[in-house]
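The structure under discussion appears below in the form of structure tokens.
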């Protein structure tokens, strides 16, 4: 068992650049989730208003959607390393400034700046990391990078809660700034060239934007993620909105019960993402992706009828094991379906559409909880996950081993034309040289082009 675990960590030992990105992502992700709780507590303590909390969430949420729709090509056009470092420095500056800000409107504005920086960091990191590891390590490396994000999802709020309890929001903000500076320092040690294997192809911003959208709809692996994961976003929204009333009202678990449930979901995400690559090697993408969504459907659907918080927590952990594995599948499908030169904009489009659907569905989920109750919302979520399961099964079944849709390279086409012209000229000269003595034959003057020329075509 120990040998297997060590083997799963092998990409960290064999690839120093990936190890640096791994730890940078860990620091950045812990800071992101620590910030989410610290900002929420700060704005609520100052205003006591749900409306201000909603404004804070929107300010952190909307930039991700806007960046994917309007600015995604920048992730491919600019240096990914520089973009990640700048994002971390901007986020650090935001949290250095926050202890000196008292007005809620300015806090929300700074949260928006933080959201913009995060909206660039994640696509740049996920688009660049496949270039840091060889092909044989990519599945396990993807699993590890997802796992460390989910570990941060578990630890960030816990650290924030401890800091807020003992020292208030200011210290939490300072610690948060330090995590982003650590991330920037680690990313700075990665070679800029190693984060990109292809030269960026650009025909102007709006043409690049249309090309990214077209790639998502044209490439079957990307279309699979777009359809199956966005449908699952509807269910995820219902689960998230109904989580608190389910525990507090239906199960009588209070804040302690809520903490147990949230902790269980975090544990499930870590387990699912960590073991996803190993399971993928045994059963393949179609079975793992659709099976992961089926686990989510069964876990949350059955949890709707839970008699106690403990039962609900076990079932939620089971469901999020599937969630963690499905997230790894999403990233691997993106790597399969998008060439490096367009991977950043493809990720940005997929992230923006997912968060856009999630935000709209949360509004609908609130109405569902108010009208039919939290248990019904989780039961409906289970049904929606089943629909997503079927879609994933069908789409991954028809997209196995589809070649990556590489963009046209005008320079490459020109080289091919030149080579073909040279071959034609060579044939013409050979024919002219044989005309005086048409009877002469043999391998020296045969009309068949050299094997190297045919291979080059």
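The values are calculated or read from the model by the stated rules, or taken from the named source; none is laboratory data. Remember, it's a predicted structure, so these values are computed and weren't measured experimentally. Cβ sites come from the backbone with ideal geometry, for glycine too, and all protein chains shown count toward neighbours.
Taken as a whole, the condition of being farther than 16 Å from residue 373 by Cβ, in the same structural domain as residue 327 (by TED's automatic domain parsing), in contact with a helix residue (DSSP H, G or I) (Cβ under 7 Å, 6 or more places away or on another chain) and at pLDDT 85 or above applies to residue 231.
I'm trying to understand the selection: among the residues of segment 179-192, which are more than 17 Å from residue 111 (Cα to Cα) and in a helix (DSSP H, G or I)?
181, 182, 183, 184, 185, 186, 187, 188
When residues of segment 94-115 are filtered for being touching a residue at least 12 places away in the same chain (Cβ under 8 Å) and under 14 Å from residue 170 (Cα atoms), how many remain? Break it down into steps so the answer makes sense when it comes.
Step one: filter segment 94-115 for residues touching a residue at least 12 places away in the same chain (Cβ under 8 Å), giving 94-99, 102, 104, 107-115.
Next cut, under 14 Å from residue 170 (Cα atoms) only: 94-99, 102, 107.
Residues meeting the conditions: 8.
Just one of the listed residues (210, 282) is out of contact with any strand residue (DSSP E or B) (no Cβ under 6 Å at 6 or more places or on another chain), within 28 Å of residue 66 (Cα to Cα) and surrounded by fewer than 24 Cβ atoms within 10 Å (Cβ to Cβ), and it is 210.
When restricted to residues that are more than 29 Å from the chain's Cα centre (by Cα) and assigned to a helix (DSSP H, G or I), segment 247-259 contains 8. Going by the conditions given, is residue 302 part of a helix (DSSP H, G or I), free of Cβ contacts under 8 Å to residues at least 40 places away in the same chain and more than 30 Å from residue 210 (Cβ to Cβ)? So residue 302 fails the test.
Of 148, 158, which residue is under 24 Å from the mean Cα position of the chain (by Cα), in a helix (DSSP H, G or I) and free of Cβ contacts under 8 Å to residues at least 24 places away in the same chain? Steps first, please.
Numbers: 148 fails: free of Cβ contacts under 8 Å to residues at least 24 places away in the same chain.
The match here is 158.
State yes or no: is residue 13 surrounded by fewer than 20 Cβ atoms within 10 Å (Cβ to Cβ), assigned to a helix (DSSP H, G or I) and modelled with pLDDT of 75 or more? Yes: the conditions hold for residue 13.
The residue pairs whose first member lies in segment 315-342 and is closer than 17 Å to residue 382 by Cβ, whose second member is part of a loop (DSSP other than H, G, I, E, B), and whose beta carbons are closer than 7 Å, counting only pairs six or more residues apart or on different chains, are 315/306.
If you go through segment 234-246 and keep only what is touching a helix residue (DSSP H, G or I) at 6+ places or on another chain (Cβ under 6 Å) and closer than 9 Å to residue 374 by Cα, you end up with 238, 239, 241, 242, 245, 246. When residue 345 is tested against (1) buried (at least 22 other Cβ atoms within 10 Å of the Cβ); (2) closer than 23 Å to residue 320 by Cβ, exactly one condition is not met: (2).
Checking 382, 366, 371 one by one, the residue that is in contact with a helix residue (DSSP H, G or I) (Cβ under 8 Å, 6 or more places away or on another chain), at pLDDT below 90 and either not assigned by TED's automatic domain parsing to the domain that holds residue 59 or not in a helix (DSSP H, G or I) (or both) is 366 and no other. Being surrounded by 19 or more Cβ atoms within 10 Å (Cβ to Cβ) and more than 22 Å from the chain's Cα centre (by Cα) is a description that applies to residue 315. Can you confirm whether residue 91 is out of contact with any helix residue (DSSP H, G or I) (no Cβ under 6 Å at 6 or more places or on another chain), crowded, with 19+ Cβ neighbours inside 10 Å and not assigned by TED's automatic domain parsing to the domain that holds residue 265? No.
Of the residues making up segment 25-52, just one is outside any helix (DSSP H, G or I) and either crowded, with 17+ Cβ neighbours inside 10 Å or out of contact with any helix residue (DSSP H, G or I) (no Cβ under 9 Å at 6 or more places or on another chain) (or both), namely 48. Evaluate the following for residue 263: is it part of a helix (DSSP H, G or I) and under 16 Å from residue 235 (Cα atoms)? For residue 263, the condition - part of a helix (DSSP H, G or I) and under 16 Å from residue 235 (Cα atoms) - is not met.
Out of curiosity, is residue 139 closer than 30 Å to residue 281 by Cα, at pLDDT below 90 and either under 15 Å from the mean Cα position of the chain (by Cα) or outside the structural domain of residue 180 (by TED's automatic domain parsing) (or both)?
Yes.
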